[in-house]
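What follows draws every value from the coordinates through simple rules; no lab data is involved. For clarity, every value in this text was computed on a predicted model and none was experimentally measured. We place every Cβ from the backbone using ideal geometry, glycine too, and count neighbours over all the protein chains shown.
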Amino acid sequence: MAPAAPIPGASAPASAGGAPTVPVDSAVTIEHPADPTRGDFASNIALKLAKPYRRPPLEIARIIAAHVVTTATDPDSPIAAVEVAPPGFLNVRLSDHALAATVQSILRNPASWGRITVARPEHINVEFVSANPTGPLHIGNARGAFTGDLLCRVLAAAGHKVEREYYFNDFGSQVKNIGASVVAIREKCDIPDDGYHGDYVYDLARDLPASVLVDADRTGEDPSWAVGRWASEQVRSGIEASLDHLGCHFDVWRSESTLHNDGWVKQAVDRLRAAGDVYEEDGAVVFRSTKFGDDKDRVILRSTDDAAPTYFAADIGYLVEKFSRGYERIVFIWGEDHHGYVARVKAAAQSLGFDRDAVQMILTAWVRFVRDGKEVSMSKRTGEFITLDELLAEIGVDAARWFFASRAASSGIDFDIELAKKQSNENPVYYVQYAHARIASILRKAEEAGMTPPGADDARLAGLLEAILPGVPEAQLARQIARLPEVVEDAAVSEETHGITTYATELATAFHAFYRDARVIDETEPDRSAGRLALIAATKTTLANAFGLLGVSAPETM
RNA sequence: GCGCCCGUAGCUCAGCGGAUAGAGCACCUGACUUCGGAUCAGGUGGUCGGGGGUUCGAAUCCCUCCGGGCGCGCCA
């Protein structure tokens, strides 16, 4: 739940003289106790120091607590109390003053609430989806879209500079295959065995402009290629429209052919050669990837005259091209069926002289598509699949985003669209959105009653907030609000986003509980009402910003 | 055969070295003459796949077995 935060400088203990130097590693953590009555933060540092100091953890904890308490007598200290709990935890409680200051800062600058700056911001390229434009996106491809879009939002919120990229193949035989399929339908012949059969292929055949065939005829080109290029561009722009509908935008669309035409592939092969990491075998050129930990060496050219590069060769060229743009980190989001590919791409990066750790692969687990409890195979070739568009039409963007955001990338999903439709009304996203709409409603009502929440620069704000925070409902809500930045950090570090949906749900629960116990609009208690209005305004901002991380809408009414 | 991922409540999933293993859905019992009941309070439900080991402490780390998924083209 909480980040495993190393404590800076924790190897310099405060006890008098003769203290051993204690190596502190990531095993020392500060986290939120599962039980909120234990305080706002808990650390296991005393447990970790017990062994090197050869003292009981409880005793060490008491020494540290005594030291912290003396500094906490300062009225401006954010720490209100430090407690020691068996077997040696240190539990720290935040002061109302600190909580009030947090709420105030949210109201002062709502847009930046939850945005943080990590220790080392990077320029990161994230490539995802990258489905070949041979058919519309189906829910299998779509997982990468959800995962990648969410990751990019989180990385950006954490202070990284992020560029989103889609790589598509317009070079290989699949292009010709879809062209041949379209041509076959057009000429009322049977679709070839390796062709495509979905309804969209028939639509393409219907929409194909005659000029494409005429031009091919004039130049003497195989019409399958000419039609294939036309068809794949149609499909690609359809994919872009689907992703747009999802709220997922790409900064760069890169085609494989540009890598070949602009010389990146050749340059990459030359560099591998210069590094002495290629050899020739059976008339092919082979990259010695085993030198860098791969299981076997990989063919990069199918002949020795620099012709016929393999798909892998294009990927190596792509690595060179991407790094030439100055990224410090290059992330690929792949389906787990590509896991065998990780070692060879990292090997290539290393041979090319790049940091292999700057190349990172995130693998998403399989989505099994089930209908009536039985698996249905999805295939663009057979045309049997559920498209992203259908999914979004059936259950809506918000419910779909929440569904995928709630699951770890590594967690396999059984997707039953009938079940998803049935359950979409039960999707927790509505529960959280309801909390947001309810706050909006209260704020509207307050305005009608002539009560506006105190502004961020209202001199009375701090005092009004500190006056209400001793209240249990207020304090619990404020503590939930205050967690957003660390939730963002957690998500950015772990590169998993489901903590955000969990957090948003917990925040909504905290608000609903507050709503039950604390009446906001009360003309007889103007000061308390003003403080509570400020608190729920900050809650609304926090919910809205969490939705922003998820790409989910924040409705004023439902 | 080799490699990677995954087995946690009836279902879908969190937790990934700490304090009593959690949430949503489902099921059961309650709660509105006041700011939105798409709500709230409570309850039923678990050999964390099995077995060893490491540790003060294991769902979490290591070994092993069982079950499931995915890879192991000069395809893309």
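Just a few scattered comments:
- You can think of it this way: the chain between residue A:189 and residue A:299 has 35.9 nm of extra reach, that is 0.36 nm per residue less the Cα-Cα gap.
- Listed residue (A:470, A:406, A:553) projecting farthest to the positive dipole end of chain A, Cβ model: A:470
- Label-to-label distance for residue A:260 and residue A:222 is 1.2 nm, based on points extended 7 Å past Cα in the beta-carbon direction.
- Region A:377-529 - convex hull of the alpha-carbon atoms, volume per residue in Å³: 161 Å³
- Taking the average, over residues, of other Cβ atoms within 10 Å as the packing measure, peptides A:103-110, A:51-58 rank A:103-110, A:51-58 from highest down.
- As a calculated quantity, the FRET efficiency between residue A:506 and residue A:556 at R0 = 25 Å, using C-beta atoms, amounts to about 0.65.
- Applying Stokes-Einstein at 10 °C and 1.306 mPa s to the Kirkwood radius of region A:443-525, computed over alpha-carbon pairs, gives a translational diffusion coefficient of 107 µm² s⁻¹.
- Around the Cα centre of region A:94-182, unit charges on the Cβ atoms of Lys, Arg, Asp and Glu (plus for the first two, minus for the last two) sum to a dipole of about 100 debye.
- For chain A, the relative contact order works out to 16 percent when only alpha carbon pairs closer than 8 Å and six or more residues apart are counted.
- Helix-only [θ]222 nm of chain A, DSSP H runs n ≥ 4, -39500 (n - 2.57) each, per residue, nearest 500: -15500 deg cm²/dmol
- Cα shape, chain A, gyration tensor, a/c 1.5 rule: oblate
- Tensor-based shape of region A:122-173 (alpha-carbon gyration tensor, a/c under 1.5 rounded, otherwise prolate or oblate): oblate
- The antiparallel fraction among DSSP beta bridges confined to chain A stands at about 50%.
- Protection proxy ranking of A:158-168, A:143-153 - average other beta-carbon atoms within 10 Å, highest first: A:143-153, A:158-168
- Degrees between helix A:223-246 axis and first principal axis of chain A (Cα, 0 to 90, nearest 10): 10 degrees
- More than 28 Å apart - percent of Cα-Cα pairs taken over region A:244-393: 33 percent
- The residue among A:94, A:63, A:77 whose Cα reaches farthest toward the positive pole of the charge dipole of region A:36-102, with charges on the beta-carbon of Lys, Arg, Asp and Glu, is A:63.
- Order by protection proxy (mean Cβ within 10 Å, highest first), peptides A:400-409, A:183-192, A:466-475: A:400-409, A:466-475, A:183-192
- For region A:50-166, dividing the convex hull volume of the Cα atoms by the residue count gives 210 Å³ per residue.
- Its alpha carbons considered, region A:487-526 gives a radius of gyration followed by a Dmax of 15.7, 48 Å.
- Charge-dipole axis of chain A as Lys and Arg at +1 and Asp and Glu at -1 on Cβ define it, positive-most pick from A:339, A:216, A:117: A:117
- Working value for region A:163-322: equivalent-ellipsoid semi-axes of 34, 21, 14 Å, each the square root of 5 times a Cα gyration tensor eigenvalue, largest first.
- Net charge, residue A:422 excluded, C-beta distance under 12 Å - Lys, Arg +1, Asp, Glu -1: -3
- Taking 24 Å as the limit for the C-alpha separation, the pairs A:161/A:322; A:161/A:291; A:266/A:346; A:445/A:540; A:322/A:346; A:176/A:322 exceed it in the case of A:161/A:291; A:176/A:322.
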